[in-house]
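Worksheet for the structure shown next.
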């Protein structure tokens, strides 16, 4: 029989109790969110009450500590706190070096202060969240005090959270980077306990399926019918193979329609970073991508962005675009294919017209193996356009990729 008691500082979602508490206004500058919320991992009100009260007590003690240190105390400038100033940074490093040790919470501050300059908020959140998981499981200790047993306990906690192998790789990799960077920065000679943590990297990882050419043509036809900014984004991705974040973060000036060979310039922007250095490239505009680019230009008004709805507050919200568009394409695709399937399909479509592999890599912004490929500027736009034109217009693609289906021009 379900219990009707309500645990303090909590709410119930799908029968599971969650802890929630707002951060006091005077302490919000210490946090990335005005609210703290996490699962209490129980359906029992009595257990939830115990855990919530313990968490609330810990927060009250920590907030008291923060308030004490925020006060104008004599000698405050000598405290080893991770404040956002260069002087405090230098003092933290020299203090840590003198003590030949540094706590993990301090290590995160040093790491972000040096490596976080000009990086997006997601970079900062990843470091804080990943190392926060370690502190939750193993405590906030000197980085020299963490052992292999701590690393294994941390790994086990990630598995209990239900993280896929790829997610665990990102989290553990971030923790490992913080340890390595800060140890080198403060001159510590340590063996990183998070360096060789074993786990199944393929656990819960699902292969991303390419879209069939039939599905691509169907979606492109629907884009023409609906003819709005969301469908322009789908069409643009479908015949360029760009990552969704790359396309969503384009400015109108990135679409070069007046050039003898219409093309899109994919480059780093203050509001949207690129995944890799090799992702910076030009891609010829052909087929439905050219139509979408023309519609964007025709409809551009006051905004510099090609897709204003996904570029607000100085940042491209690719996650919002992914959620909306994956929901729309779902009825038209098979299995677990998503918007990212267009990118996989572009590689297959280029293979089908026998495009050389290094040209495929240049069009998609993939890394080509070999030292020699790092020399020069790559293939000219005219060569890229020749192969992209074959992809957009070659009728035999349908016979290769989806027999029995007539290609739509």
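Tabulated results
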| quantity | calculated |
| --- | --- |
| Computed lengthening from residue 124 to residue 265, 0.36 nm per intervening residue step minus Cα-Cα distance | 48.0 nm |
| FRET E, pair residue 313, residue 351, Förster distance 30 Å, beta-carbon r, rounded to 0.05 | 0.15 |
| Cβ-derived FRET efficiency at R0 56 Å, residue 358 paired with residue 61, nearest 0.05 | 0.40 |
| Convex hull volume per residue in cubic angstrom - Cα atoms of region 213-401 | 121 Å³ |
| Contact order relative to length of region 213-401, as percent, for alpha carbon pairs under 8 angstrom and 6 or more apart | 28 percent |
| Rounded FRET efficiency, nearest 0.05, which uses the C-beta distance separating residue 157 from residue 190 and R0 of 25 Å | 0.70 |
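The numbers here are math on the coordinates, done by the rules we state, and not lab data. This structure is a prediction, so every number in the text was calculated from the model and none was measured. Cβ sites come from the backbone with ideal geometry, for glycine too, and all protein chains shown count toward neighbours.
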